[in-house]
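Engineer: After the structure tokens below, expect a handful of questions from me.
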Amino acid sequence: MGSERMEMRKRQMSAHQETVSSSQAQQGVGNRGSNACCFCWCCCCSCSWSCADLCVPGRCCGFSIVSSLTVRNQEDERTRRSSNEIRGAGIPNCEESPTPTLEDVYSWGQSFDKLMNTPAGRNAFREFLRTEFSEENMLFWMACEDLKKEANKNVIEEKARLIYEDYISILSPKEVSLDSRVREVINRNMLEPSQHTFDDAQLQIYTLMHRDSYPRFMNSAIYKTLLQTLSETTAES
């Protein structure tokens, strides 16, 4: 009986040691999981040290991913700033120009080309278009003229993109009215933007303003008031 009790006690001690060992092993695995790299986004990293101890670029550690996203965000921010600078340095609200003479204003009534070729004429016409909520036609035409003067390839591409976003995209509140053929031409040209990417569209908008808006401008209070004011000033002098 004594030897059987001793044998049973040995078996109990052995079973207890196995249970303790198993528990410690599981706890060790849990500790490694909890101390794993604090930025890890996947399960392959099972290091038992902190990021400062064992973060290695190129491994699964999310620190490298976060760094990459930070750099990308900084590049996007620089691109947005560049776009805003180009857009802000674009078309002024009113072009600088000398006061038109009476002869100048008379010539505007004789030729739409003469009206569009002078800053004072464009300013007066823009003021009228604003009353008809169609100023985007003039703004688009002027943006195309500005694009033609650019020589830097990178700036050309950026200005072309901004013109597309502001005046061609159907999502833009300043979208100009163009037919499908011209839009197809623009989409092809945007693959390799140049100073002449929007030439067809610019001509179509120019023709639209000539045929549609220009006759109403000639009969508008803006034009008649300007003509009368200059006539009175000339008579007094």
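Engineer: Excluding ligands and nucleic acids, what accessible area in Å² is computed for T131 using a 1.4 Å probe, to the nearest 10?
Structural biologist: So the heavy atoms of T131 present about 80 Å² to solvent.
Engineer: Suppose R0 equals 45 Å; then what is the FRET efficiency for S237 and R188 from their Cβ-Cβ distance, rounded to the nearest 0.05?
Structural biologist: Details: r = 55 Å, r/R0 = 1.23.
Efficiency computed from Cβ-Cβ geometry: 0.20.
Engineer: Report the FRET efficiency, 1/(1 + (r/R0)^6), for Q195 and Y106, where r is their Cβ-Cβ distance and R0 is 35 Å, rounded to 0.05. Could you put the intermediate results ahead of the total?
Structural biologist: Numbers: r = 34 Å, r/R0 = 0.97.
Efficiency, from the Cβ-Cβ distance: 0.55.
Engineer: Testing the spin-label approximation: label points 7 Å from Cα along Cα→Cβ at E157 and Q228. State their distance in nm.
Structural biologist: 5.5
Engineer: Follow-up. Using a 1.4 Å probe and ignoring any ligands, DNA or RNA, find the accessible area of F140 and quote it in Å² to the nearest 10.
Structural biologist: Roughly 0 Å² of F140 is accessible to a 1.4 Å probe.
Engineer: Note down the nm distance, to one decimal, between modelled labels 7 Å out along Cα→Cβ at L171 and at T207.
Structural biologist: 3.0
Engineer: Cross-link list K148/K224; K114/K148; K148/K174: which exceed 23 angstrom alpha carbon to alpha carbon?
Structural biologist: On the way: K148/K224 33 Å; K114/K148 20 Å; K148/K174 21 Å.
Over 23 Å Cα-Cα: K148/K224.
Engineer: Another question, if that's okay. Just to check I understand the Karplus step: with θ = phi - 60° and J = 6.51 cos²θ - 1.76 cosθ + 1.60, what whole-Hz values come out for the stretch 197-209, glycine and proline as x?
Structural biologist: Result, ordered by residue: 4, 10, 4, 5, 5, 4, 5, 5, 6, 4, 5, 4, 5 Hz.
Engineer: For R188, R122, R211, write out the residues from largest to smallest accessible area, computed with a 1.4 angstrom probe and no ligands counted.
Structural biologist: Largest to smallest exposure gives the sequence R211, R188, R122.
The values are calculated or read from the model by the stated rules, or taken from the named source; none is laboratory data. Source: prediction; values computed, not measured. No Cβ is skipped: glycine too gets one built from the backbone with ideal geometry, and neighbour counts run over all protein chains shown. The area values use the complete protein model at the heavy-atom level, side chains included, leaving out ligands, DNA and RNA. Shrake-Rupley method; radii C 1.70, N 1.55, O 1.52, S 1.80 Å.
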